[in-house]
Every structure is written in C-alpha cells, then in structure tokens.
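As structure tokens, the structure follows; a few thoughts come after it.
The values are calculated or read from the model by the stated rules, or taken from the named source; none is laboratory data. Because the structure is predicted, anything quoted here is derived from the model rather than measured. Note that each Cβ is placed from the backbone with ideal geometry, even for glycine, and that neighbours are counted across all protein chains shown.
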Amino acid sequence: MDLIILALIAGFIIYRLYATLGEKTGYKGDKKGAPSNVVDFNKKQPIRQPQSTPEIEEIDPAIRPAIQEITKTDPDFSLKSFTEGATIAFEMVLDAYAAGDLKLLKSLLSADVYKAFKAAVTERNDKGHTLENTLVRVEDVVIERAVTKNNMAQICVRYTTEQVPILKDQDGKIIEGNPNQIDQVIDTWTFERSLKSKDPNWILISTNS
C-alpha cells in the first residue's frame with residue numbers, strides 16, 4: 001500500500017512539472033538542459049471534481065482588455081499560470097547567462113535580445129572572466145502592462161529579486177560584487193506571442209534593469 005501511495009505522489013509531482021513548463025520546452029528541471037523552444041506559460045490545470053467551484057482570476061482593469069483579447073484566441077490562457085511560467089523563464093535565463101549557455105539562451109530570447117546577451121557572454125569569455133550569480137529569492141512578480149496589436153500580444157513583467165552577483169577574473173579573484181552582500185535587483189522583461197499562432201509559447205523580446 002505504501003508503494004502505491006508513493007507512486008501516486010511521484011506521478012502527481014511529475015505531472016505538475018510537465019504542466020508548468022509545457023510539452024514543447026524540453027526543460028525538465030535540470031537547468032543544464034536546453035529546451036527546444038521557449039517556456040510554455042499556459043499551464044493546464046488538473047481536472048476538478050464536479051462539486052468544486054471554478055477559480056476566478058482577479059485581473060487589473062488596466063490590463064483586462066488585452067487579457068480578454070488573448071483568451072478569445074486561447075481559452076486556456078491563465079494569467080496566474082503565465083506569471084508562474086514567466087518566473088521559471090526568469091530563473092532559466094539568469095542561470096544560462098551566468099553559465100554562458102548560448103544554446104539555451106537562443107531558445108528563450110528574441111533575435112535582438114539574444115544578440116545582446118551573446119555579445120556580453122563573448123566579451124566576458126574573451127577576458128577570462130566568470131560570473132557566479134546566486135538568485136536568493138524572488139520577492140515579487142508583477143504584470144505591469146499587457147497590450148495586443150496587429151495580432152501580437154505583449155506582456156510586461158516586473159521582477160523584484162534578491163541576488164548575489166560575483167564577477168571573477170581568470171585567476172578567480174573577485175573584481176565585482178560582494179559574496180557577503182545581497183543586492184535587491186528590479187528587472188522589467190517583456191514577452192511576446194502571436195495570437196494567430198497555435199504555439200502557446202512566449203518569447204522574451206526586451207529586458208530592462
């Protein structure tokens with residue numbers, strides 16, 4: 001009986017991870033793996049029992065028209081699930097950038113954003129520098145703006161996090177950062193998706209700190 005219960009629990013956990021990341025991402029929790037596409041922010045919810053009350057999302061009136069436009073095309077879209085996926089994408093990009101994983105970055109970013117990230121990684125590598133960036137905590141994730149235009153949807157996300165970024169030279173000497181100091185970092189990222197596409201994935205098109 002205990003083995004059956006453990007198997008059911010393990011199966012549920014695997015399902016939740018699969019639903020959060022999306023079938024097309026290829027990301028299964030190992031941050032060293034490279035997904036085949038960007039993160040799917042449309043997490044499918046488990047089937048509810050008939051007696052349960054459907055969850056109703058409270059949406060800021062400022063972004064409600066755009067969200068309603070998105071759900072007309074994709075009834076499965078959930079702002080809560082999008083926010084969860086955007087947080088996962090944030091962590092994946094931070095890790096990939098610090099590790100210099102250009103293959104993973106290319107799958108998550110638009111061409112212009114990837115070009116900028118690649119240039120920074122290349123410059124760092126040419127100097128023999130290494131970046132160690134510890135994401136201590138995600139304090140807050142806020143949807144700042146959502147717009148739709150010409151069948152394209154954009155959602156702007158503000159992340160408030162605590163990080164410990166350390167830049168070292170080729171000899172391992174710290175040249176930037178303090179390992180004993182936690183910095184509060186505020187980033188604003190914009191994700192985009194074509195409303196005409198059947199692909200539910202979103203791609204990062206802009207980053208601002």
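For the range 79-99, name all the residues that are over 15 Å from the mean Cα position of the chain (by Cα) and either under 20 Å from residue 145 (Cβ atoms) or surrounded by fewer than 18 Cβ atoms within 10 Å (Cβ to Cβ) (or both). Spell out the reasoning first.
Narrowing the range 79-99 to residues over 15 Å from the mean Cα position of the chain (by Cα): 98-99.
Residue satisfying the conditions is 99 alone.
Kindly establish whether residue 139 is of a type outside the set (S, T, N, Q) and within 24 Å of residue 74 (Cβ to Cβ).
Details: of a type outside the set (S, T, N, Q): yes; within 24 Å of residue 74 (Cβ to Cβ): no.
Criteria not met by residue 139.
Can you tell which of 87, 53, 71 is of a type in the set (Ser, Thr, Tyr), at pLDDT below 95 and assigned to a helix (DSSP H, G or I)? Steps first, answer last, please.
Values: 87 fails: at pLDDT below 95; 53 fails: assigned to a helix (DSSP H, G or I).
Just one listed residue meets the conditions, 71.
Mind counting the residues in the range 155-191 that are exposed (fewer than 15 other Cβ atoms within 10 Å of the Cβ) and either under 22 Å from residue 63 (Cβ atoms) or acidic (Asp, Glu) (or both)? Break it down stepwise before answering.
Taking the range 155-191 and keeping what is exposed (fewer than 15 other Cβ atoms within 10 Å of the Cβ), we get 160, 162, 169-176, 178-184, 186.
Checking which are either under 22 Å from residue 63 (Cβ atoms) or acidic (Asp, Glu) (or both) leaves us with 160, 162, 169, 171, 176, 183, 186.
Of the residues in that region, 7 qualify.
Among 185, 147, which is the only one that is in a strand (DSSP E or B) and without any contact (Cβ under 8 Å) to a residue 40 or more places away in the chain? Let's see the steps before the verdict.
Values: 147 fails: without any contact (Cβ under 8 Å) to a residue 40 or more places away in the chain.
Within the list 185, 147, the selection yields 185.
Restricted to the range 155-164, and to residues that are over 11 Å from residue 138 (Cβ atoms) and in contact (Cβ under 8 Å) with a residue 60 or more places away in the chain, which residue is farthest from the chain's Cα centre (by Cα)?
155
Would you check if there is a residue in the range 130-144 being within 30 Å of residue 71 (Cβ to Cβ), surrounded by fewer than 12 Cβ atoms within 10 Å (Cβ to Cβ) and at pLDDT below 95?
Here is the first cut: in the range 130-144, the ones within 30 Å of residue 71 (Cβ to Cβ) are 138-144.
Narrowing further to those that are surrounded by fewer than 12 Cβ atoms within 10 Å (Cβ to Cβ): 140.
Keeping just the survivors that are at pLDDT below 95 gives none.
Scanning the range 130-144, I find no residue that is within 30 Å of residue 71 (Cβ to Cβ), surrounded by fewer than 12 Cβ atoms within 10 Å (Cβ to Cβ) and at pLDDT below 95, so the answer is no.
Give just the number: which of (1) touching a residue at least 40 places away in the same chain (Cβ under 8 Å); (2) under 21 Å from residue 125 (Cα atoms) does residue 83 not satisfy?
(2)
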